[in-house]
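Engineer: Structure below; questions to follow.
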Amino acid sequence: MRPIVVALFVSSCAVGAGAAQLAPPGTGGVAALANTLRQLGSNKRVLMIGAHPDDEDTQLLVLLSRGMGAQAAYLSLTRGEGGQNLIGPELGPELGIIRTEELLAARERDGARQFFTRAYDFGFSKSIDETFRFWPRDSILKDVLDVIRRFRPQIIIAVFSGTPADGHGHHQASAILARQAFDVLRDSAGGPQKFYRSTRGDPTATTLTLPVGTLDPILGQSYFQIAMASRSRHRSQDMGQLQRPGPATSGVALVASKTSGADGSIFTGVDTTIHLSGYAALIDSARAALTPWRPAATLPSLVRALRLVGTADSVQRALLERAITIAAGVTIDGTADDGIVIPGERLQIEVTVWNAGDSAVRVDTVAVAAPGGWSLERLELGAPTVAPGTLLTRRFVLTVGKDAERTQPYFLRRPLTNRGGLYDWSSAPPDVRGLPFEPPPVSARVRLVIAGEPVTLTREVVYRYRDQALGEIRRPLLVTRDVDVAIAPAELLWPIDGGSHEPRHFTVTVTNRTRGATLVRTAVTPPAGWPPIPAESLAFTREDETKSVAVTLAPPTADSLKPGTYDVRAGAGWLEIIDYPHIRPRALTRPSVSQIRAGRLALPALSHVGYVRGAADRVPEALLAVGVPLELINADSLARGDLSHYDAIVIGSRAYETEPALVANNGRLLDYAKNGGLLIVQYQQYPFVDGGFAPFPLSIARPHDRVTDENAPVTELDPANPVFHYPNEIGAADWRGWIQERGLYFAHSWDPTYVPVLEMHDPGPPSPPPPAELKGGLLIAPLGRGTYVYTGLSFFRQLPAGVPGPYRLFMNLLGLKRHNVP
C-alpha cells in the first residue's frame, strides 16, 4: 500500500467535471479537433457577467467561443436558488444545484466556461439597496475580482445596464459590480481593456452588431441554433427555445475602453497575439493539414507548437495537449465497481489507454489520484508502449479513507451568512472557490509520449454498469456512510388548537450502503419531554436496498405543548441524489432531522379535499401532515371521475403548465364549483390567463405584480370577510415569519365579480411616488352555488417550511366551503 498524491482535476475547460466525463470514452473526432484548433494560435478572452443562471447571452457566448475562437466564460453571481422549479420539487439550495448543472450543460453546448460568486439568490429584489443589504458589496466585488484575475479577460461584457431599467435588483447589482471591477483592474498589468454591455433588452443602444445566424461548418448549425439548444438546457426555468434557421444578430454597446480608434469588432485594438516566434504559423499549418479522413496529419505541426510553447502559456499548452491526443486517436478511461461508497470500502479501479490511431504511443505512468487518507494498491506494474489499435488496461484497488466525509458541494459545507445572502466557502481551497463544484474525488491520470512529446491525460473515475434497456450507464462516485437515514416530513406544523393531542406520523427511510446483508436498528429520538418512540429492526439482504417504516409521535402530556420549535432526530444524515436526464447527477448531505413548529391552528370541518399537484409543489404533503383529508387527483379522475364528493379542490402552483389533463378538463372543474364546490387556484403564470381558464376575466401584468419583502405590511380590505375568521381568527401575528416573499403573479385587473380581500406592497423608496397598492393577491368570487378563489400568495414556499400564519389562512380558504349555497 502506498499514499496517493492528492491532485486537482485538470481539463481544458474550467466548468468542472460535466456530463462529458460520464460519456463512454472517445476522442471527439474531427469535430473536437477542429474546435480546439479554433482556440489555438491567439489569446482572446471574454468574461460575461450576469446575476442568475439563464441570464447569459448564449448567442454571444457561442459566437465568441465557436465562431471567434475565444476563451469565453460566464460569471453568474448566484446559482438561482430563489427561483421556481418546473421539473421537480427542489427549491432553495437543491434548486441551486440543478441550475448550476443546467449552466454546465449549456456550457457544453456553447463551449464557454462557468464561474460563480458567494451570492445566494434570496428571491426577487425590486431595488439595488435591498440587494446590497443581503450581498455586502465589498464581498461580492472581491469574488468578481478574483474570477477576473484568474481568467484574465481582455473583454468584459455585462448582461445588464446597472440601472433601474434592469427590473431586478440582482440584475442591476451584477452590472454595477462588473463595471466597478473593470475600473479597479483596467490599469493593472494584464487587466481588462474593454467594457461592453449586452443590448439584448435595449437594441437602440447597440454600437456593435454581431452576426450569430452564420453557419458553423463543423456542427452544421448556425451559432444562433446552437445558442438556442444551449438555452434550452435551463429546463427547470421553462426556457425551451426554437432553433430557427436564417439570419440573426446580437448586439453590444461599448461603455469603456483603454483602446483607441473605431470599434469594428469586439477585439479591435486588443493585442491577441501569442508572442512566440513562428507559433501562429505552426497552428495555421495544423489547420491546413486537417481533413476528415486524416486528423493525424495535424500532428507534426501541433507537436512542434507544443515544444515551442513549453511552459510559457498554460492555456495554450492545455489546448495543444488536447489537440495532440485527439489527432493521435488516443483516449483514456477510468471506472470503478461501485458508485456510492463508504469508509473502508475496497474499490476495484480499472484504467485503460486506448490507442485508436496509426502510430504507437509510449505510456510513462498510469496513476489514480484520490483524497488524502485513501490508500491505493497497484495490481499490475509496467507502463509499456501501446501499439496502434490496442487497449492497455491497468487495475488498482482503492480503499476509501476511514474518515471520508459524505459528499457535499463545497459551498454547502457551512451555513449561509449575512441573513442568508452569502455562502461561506472559507473551508474550500482557494482554487476551488468560484467553480461550479469541487473536482471529482477520484481521477485517472496517464502520462504519455506522443511523437516524442510528453502529454498528460486526466479523466474522472466513474461507476459504470449495464442497463438491460438503456445500455451503458455511468454515474459519479459519491461518498456516504454504512446507512443513510431520512425522515419525512422534514418540517411540520403541529396544531396546538383542537388536534394538538392527536399523534403525528413520520416516515423513516433507511438505505443500506454496505455490500451484502446487514441488520439495522432504527432509533428515532423525540424532543425532550415527549413520549419515546419504539425502535425497529430492519433486515437488508443487498447493497443500496431501501426500506421505509412509519413511526408515530405522540405529543407531551395534555396542555403541556407550547408554541415553539422542536426536533425529531432519526440518524446521522443521508445522501440526497438529484438526478434528471438532462444534467449530471449530483448529491448533497442532508440531516436526519424533522423540525416541528408548534402553533395555533384549527382545521375546518371537511371530509375530502382534492388536489392537483403543480410545479415544485410540496403543499399536498404539508396539508396531509396537519390532518387535512387530502387526496391527489390524477389525470383519469380529472377526465372522468366524480368530483362532486370533494368538499374542496385545490390547484397547485403552475399546474396549468405541468398537467395537460387539467387544461383539457378545466370546464369540469368550473362545473364542479358552479354546482356548489370550492375551487382554490394557487398562483399561475401567463398560460393560465392567455388560455382563459378562470371563470371570469382577470389579467397578470408583464412584468407581474409581486411582493418580494416577506415582511411587507398587509391590509385587510374586507375585515368582516369569513376568510379572516373561520376557523382561525387572522391577526397581525399571522403575517410574521414568512419566508422569501409574500407572493407573486398577483392578478393585475379583474372582473368585478371577484372580491379582493387583501392589499399589500413592498416598501417604497424614501422619495415619491409611493409604491402601487397591490390588491390582486387573493381574489374570491361566487361561482354558481360555489366559490372560486385565485391567490398569488406563496403558499408553495410557506406551508412546506411550516410557517404558522400561512397555514392558518389556508385553512380558512378551505373553510369557505361552508358559505357555499347548499
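Laboratory data are not the source of any read-out in this text; all were calculated from the coordinates shown. Remember, predicted model here, so these are calculated numbers, not experimental data. So basically every Cβ, Gly included, is an ideal-geometry build from the backbone, and we count neighbours across all protein chains shown.
Engineer: Rounded to two decimals, what is the ratio between the C-alpha radius of gyration of the stretch 323-397 and 2.2 N^0.38 Å? Present the calculation step by step, with values, prior to reporting the outcome.
Structural biologist: Numbers: Rg = 14.2 Å, N = 75, 2.2 N^0.38 = 11.3 Å.
The value comes to 1.25.
Engineer: May I ask for the percentage of alpha-carbon pairs in the stretch 401-513 that lie more than 16 Å from each other?
Structural biologist: Counting pairs separated by more than 16 Å, the tail of P(r) holds 79 percent.
Engineer: What whole-number volume per residue, in cubic angstrom, does the convex hull of the C-alpha atoms of the stretch 99-257 give?
Structural biologist: Output value, Cα hull per residue: 132 Å³.
Engineer: Here is a follow-up. Based on Cα positions only, what radius of gyration and what Dmax would you give for the stretch 475-613, in angstroms?
Structural biologist: Expressed in Å, the Cα Rg and Dmax of the stretch 475-613 come to 17.7, 52.
Engineer: If we count every other residue with Cβ under 13 angstrom of E472's Cβ, Lys/Arg +1 and Asp/Glu -1, where does the sum land?
Structural biologist: +2
Engineer: Can you give the FRET efficiency to the nearest 0.05 for D337 and V593, using r as the Cβ-Cβ distance and R₀ = 30 Å? Walk me through the numbers on the way to the answer.
Structural biologist: Numbers: r = 33 Å, r/R0 = 1.10.
After rounding, the FRET efficiency stands at 0.35.
Engineer: Let me see the pair-distance distribution of the stretch 198-248: every alpha carbon pair, 5 Å bin width, integer percents in order.
Structural biologist: Each 5 Å bin holds this share of Cα pairs: 5, 20, 19, 22, 20, 12, 2.
Engineer: Another question, if that's okay. What is the Rg over Rh value, at two decimals, for the stretch 8-157, using alpha-carbon atoms and the Kirkwood definition of Rh?
Structural biologist: Rounded to two decimals, Rg/Rh equals 0.99.
Engineer: Tell me, how many Å apart are the Cα centres for the stretch 638-702 and for the stretch 490-546?
Structural biologist: That distance is 37 Å.
Engineer: With the calculation restricted to Cα positions, what are the radius of gyration and Dmax of the stretch 426-465 in angstrom?
Structural biologist: 14.6, 44
Engineer: Still on this structure, please answer the following. With a Förster radius of 56 Å, plug the Cβ-Cβ distance of T456 and D636 into 1/(1 + (r/R0)^6) and report the FRET value to the nearest 0.05.
Structural biologist: Numbers: r = 58 Å, r/R0 = 1.03.
So the FRET efficiency works out to roughly 0.45.
Engineer: Kirkwood hydrodynamic radius, the stretch 339-475, all distinct C-alpha pairs: what's the number in Å? Could the numbers behind the result be given before it?
Structural biologist: Values: mean 1/r = 0.0566 Å⁻¹.
This gives a value of 17.7 Å.
Engineer: Of the peptides 524-531, 41-48, how do they stack up when ordered by the mean number of other Cβ atoms within 10 Å, highest first?
Structural biologist: Going from most to least packed, we get 41-48, 524-531.
Engineer: Anything over 23 Å Cα to Cα? Flag those among K126/K775; K402/K547; K126/K194, in the order listed. The partial results should precede the final answer.
Structural biologist: Details: K126/K775 18 Å; K402/K547 26 Å; K126/K194 29 Å.
From K126/K775; K402/K547; K126/K194, over 23 Å: K402/K547; K126/K194.
Engineer: Calculate how many DSSP beta bridges within the chain are antiparallel, expressed in % of all such bridges and rounded to the nearest 5.
Structural biologist: Details: 108 of 151 bridges.
Given both bridge residues lie in the chain, the antiparallel proportion sits at roughly 70 percent.
Engineer: I need two numbers for the chain: Rg to one decimal and Dmax as a whole number, Cα atoms only, in Å.
Structural biologist: Using the Cα atoms of the chain, the pair Rg, Dmax is 29.4, 91 Å.
Engineer: Counting only GluC sites (Glu not before Pro) that sit in a DSSP loop (anything but H, G, I, E, B) with at most 12 other Cβ atoms within 10 Å, what is the longest stretch of the chain containing none of them? Don't skip to the answer; put the middle values down first.
Structural biologist: Working: sites that count: E380, E729, E773.
For GluC sites (Glu not before Pro) (loop position, at most 12 other Cβ atoms within 10 Å), the longest site-free span of the chain is 1-379.
Engineer: Amide H of I340 versus every other amide H placed in the peptide plane: which residues, excluding those fewer than 5 positions away on the same chain, fall under 5 Å?
Structural biologist: Hits under the 5 Å cutoff: L478.
Engineer: Sticking with this structure for a sec: Between Q348 and T385, with labels modelled 7 Å along Cα→Cβ, what's the label distance in nm to one decimal, could you check?
Structural biologist: If labels sit at Q348 and T385, their model points lie 3.2 nm apart.
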